[in-house]
Amino acid sequence: MNMVHTDARIGEGVEIGPFTTISADVEIGSGTWIGPNVTIMDGARIGRNCRIFPGAVISAIPQDLKFEGEKSTAEVGDNTTIRECCTINRGTKDRWTTRVGSNSLLMAYVHVAHDAFIGNNCIVANSANIAGHVTIEDWVVIEGVVAIQQFIRVGQHAFIAGGSLVRKNVPPYVKAAREPLSFAGVNTIGLRRRGFSDQQVAHIEDVYRMIYVHNSNMSRAMHAAELELAGTPEKEYILDFIRQSDKGIIRGPHSL
């Protein structure tokens, strides 16, 4: 037996397992599978062909003392899998929504706090904790037991090693590891798997060599990269990301 409110908007072909509860202000796209003992609360907006495993709780109110009961949502894109006991809280008046993109995988016991944005084609491994107001861009891989501090941004195609504590922004295309979290090279394997050419990867490596190896001063490194390196979309994205990082970015491999 499950409890599905009559006002919930349920698409065609949706399967709902026993002992699952779905509240009134919920939308679920066609073809989605929802296992037993799932709780989907007001404000949930779930796409097509998703899979949601037992124990998951989607769109519970935020764990934020500033929350005043405002109407907000938790969105899950198409073809995304949410494994056992994940929790995705809905947004507050900061962003009004919490969002997990399409074609992503959240493994067991992942927590996504209020107003966090996770992009498309992301993988977040077991027991990772993503605090409020975090932005994780497309194609990011986060290994298990990672904790990401509030308001952090993680750039596209980044890889964060298991057990990391993320207190600074993680630029695009990099591997981040160690404690304190540091640049551990370019995510070359991931980039090549996603169709980046050897030349594109080499240009990205040149930018990070300039930033993290050849210069000890970030302003000098940015200036040198702007003047001395070939103009590519990847370079401009990296430099723009760093310019916008008012919280700073992760340290270099040789920082004391």
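The values are calculated or read from the model by the stated rules, or taken from the named source; none is laboratory data. Remember, it's a predicted structure, so these values are computed and weren't measured experimentally. As a convention, Cβ positions derive from the backbone with ideal geometry for all residues, glycine included, and neighbour counts pool all protein chains shown.
If you go through region 80-120 one residue at a time, how many are in a loop (DSSP other than H, G, I, E, B) and either surrounded by 20 or more Cβ atoms within 10 Å (Cβ to Cβ) or of a type in the set (Ser, Thr, Tyr) (or both)?
First, the residues of region 80-120 that are in a loop (DSSP other than H, G, I, E, B): 80, 83-86, 90-96, 101-104, 107-110, 113-116, 119-120.
With either surrounded by 20 or more Cβ atoms within 10 Å (Cβ to Cβ) or of a type in the set (Ser, Thr, Tyr) (or both) added as a condition, the list becomes 80, 83, 86, 90-92, 101-102, 104, 107, 109-110, 113-116, 119.
Of the residues in region 80-120, 17 are in a loop (DSSP other than H, G, I, E, B) and either surrounded by 20 or more Cβ atoms within 10 Å (Cβ to Cβ) or of a type in the set (Ser, Thr, Tyr) (or both).
Name the single residue that is surrounded by the fewest Cβ atoms within 10 Å (Cβ to Cβ) among those in region 207-232 being of a type outside the set (Gly, Ala, Ser) and in a loop (DSSP other than H, G, I, E, B). Working first, answer last.
The first filter runs over region 207-232 and keeps only residues of a type outside the set (Gly, Ala, Ser), leaving 207-215, 217-218, 220, 222-223, 226-229, 232.
From what's left, in a loop (DSSP other than H, G, I, E, B): 213-215, 217, 229, 232.
Details: Val213: 13, His214: 13, Asn215: 17, Asn217: 9, Leu229: 15, Thr232: 15.
Step by step, filter region 207-232, then rank; the result is Asn217.
Given Gly29, Gly17, which one is over 14 Å from Val112 (Cβ atoms) and either in contact with a helix residue (DSSP H, G or I) (Cβ under 6 Å, 6 or more places away or on another chain) or crowded, with 18+ Cβ neighbours inside 10 Å (or both)?
Details: Gly17 fails: either in contact with a helix residue (DSSP H, G or I) (Cβ under 6 Å, 6 or more places away or on another chain) or crowded, with 18+ Cβ neighbours inside 10 Å (or both).
Only one candidate qualifies: Gly29.
Checking the condition surrounded by 14 or more Cβ atoms within 10 Å (Cβ to Cβ) and within 17 Å of Leu105 (Cα to Cα), which residue from Ser164, Ser127, Ser182 passes? Don't jump to the end; show me each part of the working.
On the way: Ser164 fails: within 17 Å of Leu105 (Cα to Cα); Ser182 fails: within 17 Å of Leu105 (Cα to Cα).
Sole residue among the options that is surrounded by 14 or more Cβ atoms within 10 Å (Cβ to Cβ) and within 17 Å of Leu105 (Cα to Cα): Ser127.
May I ask you to list the residues in region 210-242 that are charged (D, E, K, R) and modelled with pLDDT of 95 or more? Show your work before the answer.
Keep residues of region 210-242 that are charged (D, E, K, R), which gives 220, 226, 228, 234-236, 240.
Matches in region 210-242: Glu234, Lys235, Glu236, Asp240.
Can you pull out every residue in region 184-241 that is in contact (Cβ under 8 Å) with a residue 60 or more places away in the chain and either among the aliphatic types (A, V, I, L, M) or farther than 24 Å from Ile142 by Cα (or both)?
Once the filter is applied, which keeps residues that are in contact (Cβ under 8 Å) with a residue 60 or more places away in the chain and either among the aliphatic types (A, V, I, L, M) or farther than 24 Å from Ile142 by Cα (or both), region 184-241 yields Ala184, Ile238.
Checking Tyr212 against (1) of a type in the set (Phe, Trp, Tyr); (2) touching a strand residue (DSSP E or B) at 6+ places or on another chain (Cβ under 6 Å); (3) closer than 13 Å to Gly155 by Cβ, which single condition isn't satisfied?
Failing condition for Tyr212: (3).
Starting from residues that are among the small types (Gly, Ala, Ser) and farther than 15 Å from Ile130 by Cα, keep the ones in region 61-79 and report whichever is surrounded by the fewest Cβ atoms within 10 Å (Cβ to Cβ).
Let us first name the residues in region 61-79 that are among the small types (Gly, Ala, Ser), namely 69, 72, 74, 77.
Those left that are additionally farther than 15 Å from Ile130 by Cα: 69, 72, 77.
On the way: Gly69: 6, Ser72: 23, Gly77: 21.
It comes out as Gly69.
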